[in-house]
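Participant: Following this message is one structure expressed as structure tokens.
The values are calculated or read from the model by the stated rules, or taken from the named source; none is laboratory data. Just so we're clear, the structure is a prediction, and the values are computed from it rather than from any experiment. Every residue, glycine among them, receives a Cβ derived from its backbone with ideal geometry; neighbour counts consider all protein chains shown.
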């Protein structure tokens, strides 16, 4: 099966293009995405089948090779939070990180019960900022 990267994808229009590793760009429609996936991020690594469409090659049965960083699984995730909500989230994150920093200043690593939720929060905040 050919592999490549998402060149661009517009979830509102329901299509985009994939750049093959060895070949020309290929059209991809939302119907070719895996169940539950509604959009692809630019640069996401994918594997796909190819069929001849009316206007050229078309991707079929797209499979995500780097799903953690490359997809948004539903429209709720694709929508950005309001700036007002983000202010609160960022300020709370700063307070949380101040506590983690204080633990490091005391010459210790944070306990797992603190470190894991903090890491999860930072990943979610990074995803929101990257949306």
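Participant: Hey, residue 89 hits all of (1) over 27 Å from residue 41 (Cβ atoms); (2) surrounded by 10 or more Cβ atoms within 10 Å (Cβ to Cβ) but one; which does it fall short on?
Facilitator: For residue 89, the exception is condition (1).
Participant: Has the stretch 14-36 got at least one residue that is at pLDDT below 90 and surrounded by 14 or more Cβ atoms within 10 Å (Cβ to Cβ)? Walk me through it before giving the result.
Facilitator: Going through the stretch 14-36, the residues at pLDDT below 90 turn out to be 22-23, 34-36.
Now restrict to residues that are surrounded by 14 or more Cβ atoms within 10 Å (Cβ to Cβ): none.
No: the stretch 14-36 contains no residue that is at pLDDT below 90 and surrounded by 14 or more Cβ atoms within 10 Å (Cβ to Cβ).
Participant: Among the residues that make up the stretch 52-71, is at least one of them in contact (Cβ under 8 Å) with a residue 24 or more places away in the chain and out of contact with any strand residue (DSSP E or B) (no Cβ under 9 Å at 6 or more places or on another chain)?
Facilitator: Of the stretch 52-71, the ones in contact (Cβ under 8 Å) with a residue 24 or more places away in the chain are 53, 55-65, 69-71.
Next cut, out of contact with any strand residue (DSSP E or B) (no Cβ under 9 Å at 6 or more places or on another chain) only: 69.
Yes: one or more hits.
Participant: Between residues in the stretch 72-95 that are modelled with pLDDT of 85 or more and residues that are in a helix (DSSP H, G or I) and surrounded by 10 or more Cβ atoms within 10 Å (Cβ to Cβ), which pairs lie under 7 Å by C-beta distance while being six or more apart or on different chains?
Facilitator: 89/125; 93/121; 93/125
Participant: Go through 43, 14, 4 for me and flag whichever is within 14 Å of residue 66 (Cα to Cα), free of Cβ contacts under 8 Å to residues at least 60 places away in the same chain and in contact with a helix residue (DSSP H, G or I) (Cβ under 8 Å, 6 or more places away or on another chain). Working first, answer last.
Facilitator: Numbers: 14 fails: within 14 Å of residue 66 (Cα to Cα); 4 fails: in contact with a helix residue (DSSP H, G or I) (Cβ under 8 Å, 6 or more places away or on another chain).
Just a single option satisfies the conditions, and that option is 43.
Participant: Quick one: which of 116, 80 is exposed (fewer than 13 other Cβ atoms within 10 Å of the Cβ), under 30 Å from residue 40 (Cα atoms) and in contact with a helix residue (DSSP H, G or I) (Cβ under 9 Å, 6 or more places away or on another chain)?
Facilitator: Details: 116 fails: in contact with a helix residue (DSSP H, G or I) (Cβ under 9 Å, 6 or more places away or on another chain).
Of 116, 80, the one residue that is exposed (fewer than 13 other Cβ atoms within 10 Å of the Cβ), under 30 Å from residue 40 (Cα atoms) and in contact with a helix residue (DSSP H, G or I) (Cβ under 9 Å, 6 or more places away or on another chain) is 80.
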